[in-house]
Amino acid sequence: MQKTLQYDYRHLWRKSRCYVPFFVLGLMPYHVFAQLDTVKKLKEVKVSSPVVPQIQTVTPSQTVTNSDFVKYSAFTVADAIRNFAGVNIQDYGGIGGMQTVSVRSLGADNVEVLYNGVQMNDAQNGEIDLSKFNLINIQQITLFNAQPLDICQTARAFAAANVLSIQTIQPKLSFEKPFKIVAGVKGGSFGLVNPYLQWQQRINKYWSFIINGYDENANGQYKYKENADGSDTLATRKNTDVHTQQIDAELYWAKSDSDKFNLQFNFYNSNRGLPSAVVLYAAPSTQRLYNRDYIIQSGYHHIAKNSFELLLNTKLSQSFVRYTDTGGIYNATGMINENYMQREAYQSAAIAYHILPNWKLSYSSDADLSNLQSNAYNYAFPTRLSLFNVLATNLSLGRWLFQGNILNTYIDDRVKSGTAASSKSAYTPTVIASYHPLTTKELEFRAFYKSTFRNPTFSEQYYYAIAPRPLKPEYTSQYDAGIAYTKTTDGVLEYLTVSADAYYNNVKNKIIYIPARSPETPSVVNLGKVDIRGLDVVLKSQFKPFYNWKATLSANYTYQNAIDITDPTDSYYLEQIPYTPKNTLALNAGIMYKQFGVYYNQILASHRYSESDNDPQYYLPGYSVSYASAAYNFKLNSIPVLASVEVNNLYNKNYVIVNGFPMPGRSFRFTFQITI
Amino acid sequence: MKSIQLSYLLGSIALLTAITSCHKDKIVNNQTTPTAQRAGIYILDQGYSSQLSALTYYDYTTKTLTPDIFSSVNGRSLGNTANDVEIYGSKMYITVDKSGTVEVLNAKTAKSIKQVKFLNGDKDSTSKEPRSIAFYNGNAYISLYNGTVAVMDTITYTVSKYIPVGNDPEQLAVANGKLYVANSGGLNYPAVDSTVSVINLSTSTVTKTITVGPDPYAVSVDSYGNVYVAAYGVYGSSNASLTIINSGTDAVTSRNNSYTGGPFAINGNNAFYIDGDGTIKIFNVKTFTATTTNFISDGTTFVAPFAIATDPLSGEVFVTDAKNYSSNGLIYAFDKTGKKEYSLTTGINPGSIILVNK
């Protein structure tokens, strides 16, 4: 019984944290509900089964964990999720190259990044550069279409079309071994040297902390083939050096699973070259980017015996960006030097309560104050107050599960110079349903509708604009219907999970930034209407062919027909939007023998166009890139050691993802890590 | 098995598209009325950041539209941000800003004759940013953003001199044996320049600096020797302006600080320009008065009118539309009464237009 309950708890917690109180606390008034169908069926599952990837969730979700990173030859968060269905990574190439992610063709601005449950916010540009995250301290990355599963969470987590949730490593230590130290170094091509250190410490029964730090240096240079200049020689990508330091520390207090507190601090410092789009016949100017970010955030989660739940999150952050451009800049100083300082204060409170054991209600309220300072000419110095309020509910009726919420977003800007944009407010709903037709719960049908509202970022609204641009917020609507199937066996096939989701999305008033001929010309408009029809198919399986052997095979397929429907008189009316392949396939296979594993990863993407016009001159051919890696865990003088080698672009193919930004050829990365 | 099929499928899709999407010329049947000696029209497409420039050509006789004749003929691309195109004699010259080149082509075939580099050092150094080009007595005069005008021989392609002018010079034009260069200072925004350098073409020295409106960029000359200088102004603190200089005396005839138009395309007494409201207006260079009605008589409108040119032989007026500045543009041809004759698809940011004779 104890075991079963543990499993129940674990499973349900993942599925929806809402159920936690009944089982964890074993409350008498609710004990009858432990007999509910949903729980009862789970008892048939063996606790010793392998951890089955959880794709059978009410809205589609895909997860990659710490131990998988080597399988995908991943160095950054973007690398780790490039295999996900529905994901389209904009990779500008090289080791310090910017990486942003678009999900289901809705654009990078419509993907929210949650870092330990709290949104990483960029009020200036809206997009989070995923190359900034090193994987060393990351436990798990999950992409949720629509939103995370739990309804007791920050209001902002409901606000985006798609959510990428990053969880950092939490110490799990015992009285007998109260500390753990992980030290390692990664190195290889691009002149990469990346030493890192992690210290986990148990203070007492309730308190523990973890400290991570790394230093990354690389020259980043690589050769590429340039076809457009008529030459046959290889060119070298320059101004690609990266120098990054990151330190983060987290303090944890946990009295129980229903009474937890954490406090975390992050410091990120980076100085890197920004290789520009390839310039033919001449060298580009030298652009550099300096970042210095500080984040302090804390969270408190409490679940009372009467099922009342409280989640508090607080964040203060400061993000400094300095952009310079030198060499061939014909102004008085011979250089461009722009500084931007973003400061943010954020508070979120969420409460939830089970009105009935199968019916939960939650309310979340977030307030965010963001301010941007800059040395740019004629800048508005905007301060934005954003308020998010969500009322959400979760109802399970037999084999049915229903979730729904309504979000109000309120935005109010103040500016130090000029005029502020008028305040905006919108209500956006989400409706989710799932159904398990079989008593075994192996099969799930699911569907959701979600509407989102995206206010123009500071750059879109104010940059080089004396009056705020008359922009309307961007609206997205998503409709999804899918099926998920999970089979676990005691035979050779340990598990097989398959899911397929068809979706229809549309974007209204898409905000488009236009590089006009002079910077003072208003260059941001509400132009676009996009119509997206797609299909995501996810397959994951694990086999145990022989004793001590294990094999995994996964395949993710994405079909996206994303067409511009703005205006029938446009030359690109009904044509595929830029940088969106119609077909993408990601394959991953691995074989593990005891502590040794080899992995192969393949990504195929069909052709794309770099511009709205699907004309031959903007055609980017499809590509197929292979990755291979091997990892070995062994003991050296009783110290656990991990050694791995990763080969990126195994067959040394020339390809581009973003026009003008060639991708590197074959490269290697080695990791050596010890754990004390 | 499933995955293998899918990869085949992907491969075949890619292959199929590659085959069907070869760079092909399009036949466009237009009701054109070109004069006998015109062979066709070139449109220079600037592109933007990562999208390379292109040279679109429409052949009047065969009625074929070639999206980028430069790359089809020469097997390489023009480069980054081609800014100006002119024909002098039998050759066509294109200034390519970021690539630091002046491409010299056979005007009829677009076949490359010479690529002249304007770099700050040897190969792999930054561009001096060639912007605009003008010609006089066998020499090409090229304004460079590094604050000079290069004097290049049009037979040997050697640069004999770099004449220092103001900051970030843009367009330049010849009148009365003198070269008028607009010093924009645009890269010092908002502390822009507001001068025109006058270069004596027999001595290749600056003889005078004339004050005009802030951020001048366009220079055109009429048959009476008047020089017209259009300036952007500084957004929020000064207006766009039009200054008229008498090239005989180099005195400023007038300066209109409420000018809302763009560069002039002059045909006899009529200077056509794109006005701020997206209409086409005519400035009479003899009477110095502008029309208030739209030259376009058939109701044709533009999203983002970008460049204007006129054919003195046929009286036609050509206007390009940059649309959203990141997709293909259009060029419209209007007859002398302002009625649309035809339109053609161009590349991205069609910034210059030039007609070529047979």
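Read through the list (1) in a strand (DSSP E or B); (2) within 30 Å of A:Leu289 (Cβ to Cβ), then give the number of the only condition that A:Gln200 fails.
Going through the list (1) in a strand (DSSP E or B); (2) within 30 Å of A:Leu289 (Cβ to Cβ), A:Gln200 breaks only (2).
For the stretch A:388-411, indicate whether the set of residues that are assigned to a loop (DSSP other than H, G, I, E, B), touching a helix residue (DSSP H, G or I) at 6+ places or on another chain (Cβ under 9 Å), of a type in the set (Gly, Ala, Ser) and open to solvent by 30 Å² or more (accessible area, probe 1.4 Å) is non-empty.
Yes, the stretch A:388-411 contains at least one residue that is assigned to a loop (DSSP other than H, G, I, E, B), touching a helix residue (DSSP H, G or I) at 6+ places or on another chain (Cβ under 9 Å), of a type in the set (Gly, Ala, Ser) and open to solvent by 30 Å² or more (accessible area, probe 1.4 Å).
Being open to solvent by less than 40 Å² (accessible area, probe 1.4 Å), in a strand (DSSP E or B), in contact with a helix residue (DSSP H, G or I) (Cβ under 6 Å, 6 or more places away or on another chain) and under 30 Å from A:Leu312 (Cα atoms): is that true of A:Asn212 here? Let's see the steps before the verdict.
On the way: open to solvent by less than 40 Å² (accessible area, probe 1.4 Å): yes; in a strand (DSSP E or B): yes; in contact with a helix residue (DSSP H, G or I) (Cβ under 6 Å, 6 or more places away or on another chain): yes; under 30 Å from A:Leu312 (Cα atoms): yes.
It is true that A:Asn212 is open to solvent by less than 40 Å² (accessible area, probe 1.4 Å), in a strand (DSSP E or B), in contact with a helix residue (DSSP H, G or I) (Cβ under 6 Å, 6 or more places away or on another chain) and under 30 Å from A:Leu312 (Cα atoms).
Looking at A:Ala352, A:Ala421, A:Ala367, can you tell me which residue is assigned to a loop (DSSP other than H, G, I, E, B) and either in contact (Cβ under 8 Å) with a residue 12 or more places away in the chain or more than 30 Å from B:Ala191 (Cβ to Cβ) (or both)?
Details: A:Ala352 fails: assigned to a loop (DSSP other than H, G, I, E, B); A:Ala367 fails: assigned to a loop (DSSP other than H, G, I, E, B).
Result of the check over A:Ala352, A:Ala421, A:Ala367: A:Ala421.
From the set of residues in the stretch A:424-468 that are aromatic (Phe, Trp, Tyr) and part of a loop (DSSP other than H, G, I, E, B), which is farthest from the other protein chains (Cβ to nearest Cβ)?
A:Tyr463
Which count do you get for residues in the stretch A:553-578 that are part of a loop (DSSP other than H, G, I, E, B), of a type outside the set (Val, Ile, Thr) and within 11 Å of chain B (Cβ to nearest Cβ)?
If we filter the stretch A:553-578 for residues that are part of a loop (DSSP other than H, G, I, E, B), which is where we start, we get A:565-575, A:577-578.
Among the residues that remain, those that are also of a type outside the set (Val, Ile, Thr) are: A:567-568, A:570-575, A:578.
Now narrow it down to the ones that are within 11 Å of chain B (Cβ to nearest Cβ): A:567, A:570-573, A:575, A:578.
Of the residues in the stretch A:553-578, 7 are part of a loop (DSSP other than H, G, I, E, B), of a type outside the set (Val, Ile, Thr) and within 11 Å of chain B (Cβ to nearest Cβ).
Go through the stretch B:183-219 residue by residue and tally those that are open to solvent by less than 20 Å² (accessible area, probe 1.4 Å), away from chain A (no Cβ under 14 Å) and outside any loop (DSSP other than H, G, I, E, B).
6
Considering only the stretch B:134-148, I want to know if a residue exists there that is open to solvent by 30 Å² or more (accessible area, probe 1.4 Å), in a strand (DSSP E or B) and facing chain A (nearest Cβ under 10 Å). Break it down stepwise before answering.
Of the stretch B:134-148, the ones open to solvent by 30 Å² or more (accessible area, probe 1.4 Å) are B:135-137, B:139, B:146.
With in a strand (DSSP E or B) added as a condition, the list becomes B:135-136, B:139.
Now drop any that are not facing chain A (nearest Cβ under 10 Å), which leaves none.
The answer is no; no qualifying residue exists.
Do you know which residues across the stretch A:82-123 are of a type outside the set (A, V, I, L, M) and more than 30 Å from A:Ile563 (Cβ to Cβ)?
Residues satisfying the conditions are A:Gly94, A:Gly96, A:Tyr115, A:Asn116, A:Gly117, A:Gln119, A:Asn121.
Being assigned to a strand (DSSP E or B), hydroxyl-bearing (Ser, Thr, Tyr) and open to solvent by 20 Å² or more (accessible area, probe 1.4 Å) narrows it down to one residue among A:Tyr281, A:Tyr252; which is it?
Step by step, each of A:Tyr281, A:Tyr252 is checked, and only A:Tyr252 is assigned to a strand (DSSP E or B), hydroxyl-bearing (Ser, Thr, Tyr) and open to solvent by 20 Å² or more (accessible area, probe 1.4 Å).
Could you please let me know if A:Lys205 is on the phi < 0 side of the Ramachandran plot, open to solvent by 40 Å² or more (accessible area, probe 1.4 Å), within 14 Å of another protein chain (Cβ to nearest Cβ) and modelled with pLDDT under 95?
No, not satisfied.
Say we look at the stretch A:259-286 and pick out the residues that are within 19 Å of A:Ser319 (Cα to Cα) and not hydrophobic (A, V, I, L, M, F, W, C); which of these is farthest from the other protein chains (Cβ to nearest Cβ)?
Selected residue: A:Gln264.
A quick yes/no check of all residues on (1) surrounded by fewer than 21 Cβ atoms within 10 Å (Cβ to Cβ); (2) over 30 Å from A:Val242 (Cβ atoms):
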{"site": "A:Gly107", "(1), (2)": "no, no"}
{"site": "A:Asn116", "(1), (2)": "yes, no"}
{"site": "A:Asn145", "(1), (2)": "no, yes"}
{"site": "A:Thr154", "(1), (2)": "no, yes"}
{"site": "A:Ala160", "(1), (2)": "no, no"}
{"site": "A:Ile166", "(1), (2)": "no, no"}
{"site": "A:Phe179", "(1), (2)": "yes, yes"}
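For the stretch A:368-400, which residues satisfy the criterion of being more than 26 Å from the chain's Cα centre (by Cα) and closer than 22 Å to A:Arg446 by Cβ? Walk me through it before giving the result.
Filtering the stretch A:368-400 down to residues more than 26 Å from the chain's Cα centre (by Cα) leaves A:373-383, A:395-400.
Passing the criteria: A:Leu395, A:Ser396, A:Leu397, A:Gly398, A:Arg399, A:Trp400.
Taking the condition touching a residue at least 24 places away in the same chain (Cβ under 8 Å), open to solvent by less than 60 Å² (accessible area, probe 1.4 Å) and of a type in the set (S, T, N, Q), does A:Gln221 pass? Spell out how you get there, then give the answer.
Working: touching a residue at least 24 places away in the same chain (Cβ under 8 Å): yes; open to solvent by less than 60 Å² (accessible area, probe 1.4 Å): no; of a type in the set (S, T, N, Q): yes.
No; evaluated as a whole, the condition is false for this residue.
Identify the single condition in (1) at pLDDT 95 or above; (2) open to solvent by 30 Å² or more (accessible area, probe 1.4 Å) that A:Asn313 does not satisfy, given that it satisfies every other one.
(2)
Under the condition of being more than 24 Å from A:Gln318 (Cβ to Cβ) and among the aromatic types (Phe, Trp, Tyr), which residue from the stretch A:346-367 is nearest to the chain's Cα centre (by Cα)?
A:Tyr363
From the set of residues in the stretch B:48-65 that are open to solvent by less than 10 Å² (accessible area, probe 1.4 Å) and not aliphatic (A, V, I, L, M), which is farthest from the other protein chains (Cβ to nearest Cβ)?
Step by step, filter the stretch B:48-65, then rank; the result is B:Tyr58.
Residue by residue, here is whether (1) basic (Lys, Arg); (2) more than 14 Å from every other protein chain (Cβ to nearest Cβ); (3) within 22 Å of B:Thr62 (Cβ to Cβ) holds:
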| residue | (1), (2), (3) |
| --- | --- |
| B:Ile282 | no, yes, no |
| B:Thr289 | no, yes, no |
| B:Ile308 | no, yes, no |
| B:Ser314 | no, yes, yes |
| B:Glu341 | no, yes, yes |
| B:Thr346 | no, no, yes |
| B:Asn349 | no, no, no |
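Where in the stretch A:67-186 are there strands (runs of 3 or more DSSP E), lying fully within it, with 1 or more residues that are closer than 29 Å to A:Ile512 by Cβ and without any contact (Cβ under 8 Å) to a residue 40 or more places away in the chain?
Per the criteria, A:99-103.
In the stretch B:165-195, what residues are over 18 Å from B:Ala150 (Cβ atoms), touching a Pro at 6+ places or on another chain (Cβ under 8 Å) and not charged (D, E, K, R)?
Applying the first criterion (over 18 Å from B:Ala150 (Cβ atoms)) to the stretch B:165-195 yields B:175-177, B:185-195.
When the remaining residues are screened for being touching a Pro at 6+ places or on another chain (Cβ under 8 Å), the result is B:189, B:192-195.
B:Tyr189, B:Val192, B:Ser194, B:Thr195 - these are the residues of the stretch B:165-195 that are over 18 Å from B:Ala150 (Cβ atoms), touching a Pro at 6+ places or on another chain (Cβ under 8 Å) and not charged (D, E, K, R).
The values are calculated or read from the model by the stated rules, or taken from the named source; none is laboratory data. Everything quoted here is computed from the prediction, not taken from an experiment. Reconstructed Cβ throughout: ideal geometry from the backbone, glycine too, with neighbour counts over all protein chains shown. The protein model used for the area step is the full one, side chains on, heavy atoms only, and it has no ligands, DNA or RNA in it. Shrake-Rupley method; radii C 1.70, N 1.55, O 1.52, S 1.80 Å.
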